[in-house]
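The values are calculated or read from the model by the stated rules, or taken from the named source; none is laboratory data. This structure is a prediction, so every number in the text was calculated from the model and none was measured. Glycine gets a Cβ as well: all are built from the backbone with ideal geometry, and neighbour counts include every protein chain shown.
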């Protein structure tokens with residue numbers, strides 16, 4: 001299957017380039033939303049759907065997954081390297097913010113994984129991709145939650161801007177500046193659902209986990225926040241820093257309820273050493 005997928009992508013690339021056809025062709029057909037296009041591209045990793053390849057601009061596709069070479073050919077090569085019939089994809093959540101779509105996905109991609117993907121669209125097709133992946137945990141966290149369960153319904157579309165401001169302020173004040181005395185400002189008491197694999201629910205669970213890490217000499221440091229994106233009650237923050245001294249990428253998804261943080265999912269991924277990069281675009285390039 002995987003070789004077939006790679007051949008399909010290359011064939012679509014050739015046909016689109018050779019015919020000099022407009023990259024808007026998919027948009028002119030059934031007019032799926034950008035969220036639907038992004039989900040189709042991800043699902044094609046498993047299914048080999050030919051239409052999905054046409055949702056990627058064959059002449060401009062910038063790749064920020066540092067393990068994959070740039071362009072549509074790099075994507076095809078990664079799929080070809082997958083063990084036969086191993087790929088599985090379940091897009092659990094998908095959100096749109098302007099020209100961006102971000103997804104939260106259950107994968108089997110060189111093993112069971114959980115990931116966030118971020119796509120940038122121009123003229124209805126994908127021109128850029130970022131992601132963060134981590135190994136899928138075998139067990140639930142201390143409060144019985146998994147990395148993917150929890151709320152999925154998008155509400156409060158009129159509060160998107162305010163919710164993004166709240167998360168931006170939380171990341172800057174708490175995660176970057178470490179002003180933990182202000183934690184209570186961002187939550188409704190101890191009501192806080194947590195999907196991090198090692199942290200229990202509540203602000204109390206968060207503070208206990210941070211204290212335990214400090215006792216073990218493990219520092220989790222947020223240095224820079226690159227972008228905050230949201231749709232309604234869901235907001236994604238993408239940041240970089242270090243974990244136990246190792247360069248790290250932090251993707252944090254928050255659900256906001258009545259102006260307070262109510263739920264949190266994350267994917268934390270170590271950043272590859274430069275000598276192992278398969279492209280030169282950087283983990284956070286253009287964000």
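Here 242, 248 are screened, and the one residue that is more than 12 Å from the chain's Cα centre (by Cα), over 25 Å from residue 101 (Cα atoms) and surrounded by 15 or more Cβ atoms within 10 Å (Cβ to Cβ) is 242. Residues that are in contact with a helix residue (DSSP H, G or I) (Cβ under 8 Å, 6 or more places away or on another chain) and either in a helix (DSSP H, G or I) or touching a residue at least 24 places away in the same chain (Cβ under 8 Å) (or both) were ranked within the range 170-182; the one that is surrounded by the most Cβ atoms within 10 Å (Cβ to Cβ) is 170.
Close contacts from the range 124-138, counting a first residue that is over 17 Å from residue 110 (Cβ atoms) and not assigned by TED's automatic domain parsing to the domain that holds residue 91 and a second that is at pLDDT below 95 and surrounded by 17 or more Cβ atoms within 10 Å (Cβ to Cβ), with Cβ to Cβ under 7 Å and a gap of 6+ residues or different chains, come to none at all. Figure legend. Inter-residue proximity from the range 60-78: first residues closer than 24 Å to residue 247 by Cβ and in the same structural domain as residue 131 (by TED's automatic domain parsing), second residues part of a strand (DSSP E or B) and modelled with pLDDT of 95 or more, beta-carbon distance below 6 Å, spacing 6+ or different chains. Indicated pairs: 62/128; 63/129; 64/130; 65/131; 70/63; 74/63. If only residues of the range 28-72 that are out of contact with any helix residue (DSSP H, G or I) (no Cβ under 7 Å at 6 or more places or on another chain), outside any helix (DSSP H, G or I) and at pLDDT below 90 are counted, the one that is nearest to residue 102 (Cα to Cα) is 31. Taking the options 158, 201, name whichever one is farther than 21 Å from residue 120 by Cα and exposed (fewer than 13 other Cβ atoms within 10 Å of the Cβ). Every option except 158 fails the conditions. Evaluating residue 234 against the criteria (1) free of Cβ contacts under 8 Å to residues at least 24 places away in the same chain; (2) buried (at least 17 other Cβ atoms within 10 Å of the Cβ) leaves one unmet condition, (1). Against the numbered list (1) closer than 23 Å to residue 135 by Cα; (2) touching a strand residue (DSSP E or B) at 6+ places or on another chain (Cβ under 8 Å); (3) surrounded by fewer than 21 Cβ atoms within 10 Å (Cβ to Cβ), residue 273 comes up short only at (2). Condition check for residue 206 on (1) touching a residue at least 24 places away in the same chain (Cβ under 8 Å); (2) buried (at least 21 other Cβ atoms within 10 Å of the Cβ): one failure, at (1).
For the residues 75, 121, the requirement of being crowded, with 19+ Cβ neighbours inside 10 Å and in a strand (DSSP E or B) singles out 121.
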